[in-house]
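Trainee: Take a look at the following structure, please.
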Amino acid sequence: MKFDLTNEVALISGASRGIGQGIAFALGQAGATIIGTATTEAGTEKITQALQAQNIQGEGRILNLAEKDSIDNLMQNLQTMPTILVNNAAITKDNLLVRMKDEDWLAVIHTNLSGVYYLTKACLRAMTKAKHGRIITITSVVGFTGNPGQANYAAAKAGVIGFSKSLAREVGSRSITVNAIAPGFIATDMTANLPEAHQTTLLQQIPLNRAGTTEDVAAAALFLSSQAASYITGETIHVNGGMYMA
């Protein structure tokens, strides 16, 4: 099945690398205009150049999800409002809870949970008026399983699942779908820095016996963005090779 996103505008947070970049490429190659965000000018330039190299229409824009003013500034300067929103950007500040600093808890919650709230709310009015929209939030397998040293991250990722289900009930009558994707162990720059022994342990938990790829996650995002998924809302798609089975 070929997915056609012509005339759609996709806003993807955290699109300079990894899963965000993979989703930007997949949606862009299907015809969507891409607005990819990064926290630095260098990151936005990287996004713009990468899209151009793929012959995808779009550009990079500055966004700091931890700052509501940054979100407001982004939205005020967009020429066309997004019809697809992919909440992908996230940070980690890992530590055991007894050692976790308050500021590290708050930084992760502000970016990974409150940032999703603010950015989604900023996009929602135009979608509601148009009676059309796709909202996709990247959660994580640890939002379901938990993970030592990641109480803040797991709490935020579990939070966006409840957020997505609630919002799906609120906006379904306006033909807006709201779903989440929960990646497992995905091969990215970030996971490549994990100790080899840790990577081996993770792979032993995966029935498919391999790490996932950014393309695996992007394929799920492409499907949920498309007309083929118009009757799917309030769901979480697990992309984890069987690492966790709901």
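Trainee: Counting only heavy atoms of protein chains, what accessible area per residue, in Å², does the chain have with a probe of 1.4 Å? Can you show the working numbers first?
Mentor: Values: 12420 Å² over 246 residues.
Per residue, the chain has 50 Å² of solvent-accessible surface.
Trainee: Hey, any idea what % of region 122-246's accessible area is carbon plus sulfur with a 1.4 Å probe? Walk me through the numbers on the way to the answer.
Mentor: Numbers: 3280 of 6120 Å².
Whole-percent figure for carbon plus sulfur exposure: 54.
Trainee: Now for a different question. Pull out a ≥ b ≥ c, the square roots of the eigenvalues of the alpha-carbon gyration tensor of the chain, then state rounded if a/c is under 1.5, prolate if not and a/b is larger than b/c, and oblate in the remaining case.
Mentor: Numbers: a/c = 1.39, a/b = 1.32, b/c = 1.06.
Because its axes are fairly even, with a/c under 1.5, the chain counts as rounded.
Trainee: Same structure, new question: Given LYS46/LYS157; LYS93/LYS129; LYS2/LYS46; LYS46/LYS101; LYS46/LYS165; LYS68/LYS131, which pairs have Cα atoms separated by over 30 Å? Please list the in-between numbers first.
Mentor: Numbers: LYS46/LYS157 27 Å; LYS93/LYS129 38 Å; LYS2/LYS46 28 Å; LYS46/LYS101 33 Å; LYS46/LYS165 34 Å; LYS68/LYS131 25 Å.
Correct reply: LYS93/LYS129; LYS46/LYS101; LYS46/LYS165.
Trainee: If you bin the C-alpha pair distances of region 110-242 every 5 Å from 0, what whole percents do you get?
Mentor: 2, 10, 18, 21, 20, 13, 8, 5, 2, 1, 0
Trainee: How far, in degrees from 0 to 90, does helix 41-53 lean away from the longest principal axis of the Cα atoms of the chain, to the nearest 10?
Mentor: 70 degrees
Trainee: Dipole size in debye (nearest 20) for the chain around its Cα centre, Lys and Arg Cβ +1, Asp and Glu Cβ -1? List each step's numbers first, then the result.
Mentor: Values: 18 positive and 18 negative charges, 133 e Å.
Dipole magnitude for the chain comes out near 640 debye.
Trainee: Check each of the trypsin sites (Lys or Arg not before Pro) in region 130-184 and keep only those in coil by DSSP with at most 12 other C-beta atoms within 10 angstrom; list them in order. Before the final figure, lay out the partial values.
Mentor: Working: sites: LYS131, ARG134, LYS157, LYS165, ARG169, ARG174; in loops: LYS131.
Filter output for region 130-184: LYS131.
Trainee: So what's the angle, to the nearest 10 degrees on a 0 to 90 scale, between helix 214-225 and the longest Cα principal axis of the chain?
Mentor: Between the helix axis and the principal axis of the chain, the angle is about 40 degrees.
Trainee: Also: Which order do peptides 112-125, 224-237 fall in by mean Cβ count within 10 Å, highest first?
Mentor: Ranking the peptides 112-125, 224-237 by packing returns 112-125, 224-237.
Trainee: What do you get when you divide the Cα radius of gyration of region 47-152 by 2.2 N^0.38 Å, with N the number of residues? Each step should come with its number before you reach the end.
Mentor: Values: Rg = 16.2 Å, N = 106, 2.2 N^0.38 = 12.9 Å.
My calculation over the Cα atoms of region 47-152 gives 1.25.
Trainee: Give the distance, in whole Å, between the Cα centre of region 134-189 and the Cα centre of region 75-89.
Mentor: 18 Å
The values are calculated or read from the model by the stated rules, or taken from the named source; none is laboratory data. As the structure is a prediction and not an experimental result, all values here were calculated from the model. Heads up, the Cβs are rebuilt from the backbone with ideal geometry, glycines too, and the neighbour counts pull from every protein chain shown. Note: areas computed on protein heavy atoms with side chains; ligands, DNA, RNA excluded. Shrake-Rupley method; radii C 1.70, N 1.55, O 1.52, S 1.80 Å.
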